[in-house]
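Take a look at the structure set out below.
The values are calculated or read from the model by the stated rules, or taken from the named source; none is laboratory data. Computed from a predicted structure; not experimentally measured. FYI the Cβ positions are ideal-geometry reconstructions off the backbone, even for glycines, and counts take in every protein chain you see. To get the accessible areas, we keep the full protein, side chains included, count just its heavy atoms, and leave off ligands, DNA and RNA. Shrake-Rupley method; radii C 1.70, N 1.55, O 1.52, S 1.80 Å.
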Amino acid sequence: MSFRLLKRAGDGSAARRGELATPHGTVQTPAFMPVGTRGSVKALAPRVLEEIGSQIILGNTYHLFLRPGLEIVAGAGGLHEFINWPHPILTDSGGFQVFSLAGLRKIEKDGVRFASHIDGTRFFLGPRESMRIQRTLNSDIVMAFDECTPYPATWETAAKSLDITLRWEAMSRDQELNPDQQLFGIVQGSVYEDLRRRSAEELVKIGFDGYAIGGVSVGEPEHEMLKVVDWTTPFLPEEKPRYLMGMGTPRQIVEAVARGVDMFDCVMPTRLARHGSAFLTAGGMLPVKAGRYARDYGPLDPDCGCYCCRTFSRAYLRHLMNVGEILALEMVSLHNVHYFLELTRRIREAIELDRFAEFRNRPEFAQP
RNA sequence: GGUGGGGUUCCCGAGUGGCUAAAGGGGGCAGACUGUAAAUCUGCUGGUUGUACCUUCGGUGGUUCGAAUCCACCCCCCACCA
């Protein structure tokens, strides 16, 4: 159960093809992982996710711990069984909620004291608790407990945050997991080169099954995000998978692959779909609700082969979106997630065919 | 034919003398969204280039320094009674 590096792009970039074996199947990388925070990729049934080529999805420790609670998931036999997704699952540790729920928590030595965003109930989540929860969920890939450092942060703040995270990650490593669960460490250090390097080197010393780059896509400009990747991947072992957390736009994904990243997750395709924006294969976004599509009987994305684009017109989807029909959310979500999965599939293909440099230069990935 | 209630900006609807270009919804338009407190949130929505002027509250004519708001007549709508 581990990562195999299959091929390097050999075009001067650090792009690579690999595969990550887990108890629930093998993930071809570079891979996009749809986000299913509360045990569901919003609006998409597992069967649909399979049809559009999802290899692995995310779940979230914080959210699943609060609802439905560990006992209920354990009663089903684990998260895979509970949500009926027999393929790989990666669970985030709750570290992102330390960032996103900043107003509802207090950081302490061994973890974080939260007030539930649902009813205010107090509870404690640290590396010990997060590992115990993720062990019960029995996800294939477990994320170490970290603090996603907010942006902007001064060097001093980022350094202090990194110290806490490194301590928590070492503690995470010391916890017992199920035999085939893999544990990924998370590099922090905000936008500071020395901190990122230190973070990567310290994590490698601890030794993880894979390495994530966290603390990105938290409001910083794109060039900062990519610089962080530039500063980090050189210090991560070649033979381990790299996961860029929370990113990104299609262009950002391509650029991160070029810098040696293997795995991605992002809420963007699902959230934007529910808010009425569709990704276009030719580049850019289509505002589904816009009045100019009222009588557009063509497909949502003429270059897309997904069920939504094969079946429905822009005029109909706009109508559904405007009247608030659930089908609109499902169809545009399907399309957007399909787009991201297809993007990573094309990246894998390009690397295999030694055409990644060419692919990367396509106009749809140009700087806007 | 009689009695009562109404006609407000794209729609619904508040407003009964100055602080009203007119509350609040809806709709429309635009924008945001990156390990999901998000099927969410923000802004605009009479006209012209302004904290300025013009047009606007069924119609016409009055009262008043000032009217969507008061008066007269007219036109339409609704309910009930004949």
### Query
Would the stretch A:298-317 turn up any residue that is within 24 Å of residue A:367 (Cβ to Cβ) and within 15 Å of RNA strand B (Cβ to nearest atom)?
no
### Task
Evaluate the stretch A:193-207: report whether one residue or more is under 21 Å from the mean Cα position of the chain (by Cα) and touching a residue at least 40 places away in the same chain (Cβ under 8 Å).
no
### Summary
Listed by range, strands (runs of 3 or more DSSP E) wholly within the stretch A:244-337 having at least 1 residues that are in contact (Cβ under 8 Å) with a residue 40 or more places away in the chain, open to solvent by less than 30 Å² (accessible area, probe 1.4 Å) and within 30 Å of residue A:200 (Cα to Cα) are A:263-265
### Task
Go through the stretch A:75-123 and give me each residue that's within 15 Å of RNA strand B (Cβ to nearest atom), of a type in the set (A, V, I, L, M, F, W, C) and assigned to a helix (DSSP H, G or I).
A:79, A:83, A:96, A:98, A:99, A:102, A:104
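Residues checked against (1) part of a helix (DSSP H, G or I); (2) more than 12 Å from RNA strand B (Cβ to nearest atom); (3) open to solvent by less than 60 Å² (accessible area, probe 1.4 Å):
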residue: A:195; (1), (2), (3): yes, yes, yes
residue: A:202; (1), (2), (3): yes, yes, no
residue: A:208; (1), (2), (3): no, yes, yes
residue: A:219; (1), (2), (3): no, no, no
residue: A:224; (1), (2), (3): yes, no, yes
residue: A:230; (1), (2), (3): yes, yes, no
residue: A:234; (1), (2), (3): yes, yes, no
residue: A:237; (1), (2), (3): no, yes, yes
### Query
Of the residues in the stretch A:143-187, how many are open to solvent by less than 40 Å² (accessible area, probe 1.4 Å) and not in a helix (DSSP H, G or I)?
16
### Message
Here are the criteria: (1) more than 10 Å from RNA strand B (Cβ to nearest atom); (2) open to solvent by 10 Å² or more (accessible area, probe 1.4 Å); (3) touching a strand residue (DSSP E or B) at 6+ places or on another chain (Cβ under 8 Å); (4) under 23 Å from residue A:242 (Cα atoms). Tell me which single one residue A:138 does not satisfy.
### Response
(3)
### Task
For the stretch A:12-45, enumerate the residues that are touching a helix residue (DSSP H, G or I) at 6+ places or on another chain (Cβ under 7 Å) and either acidic (Asp, Glu) or part of a helix (DSSP H, G or I) (or both).
none
### Message
I need a count of the residues in the stretch A:63-104 that are open to solvent by less than 40 Å² (accessible area, probe 1.4 Å) and in contact (Cβ under 8 Å) with a residue 12 or more places away in the chain.
### Response
20
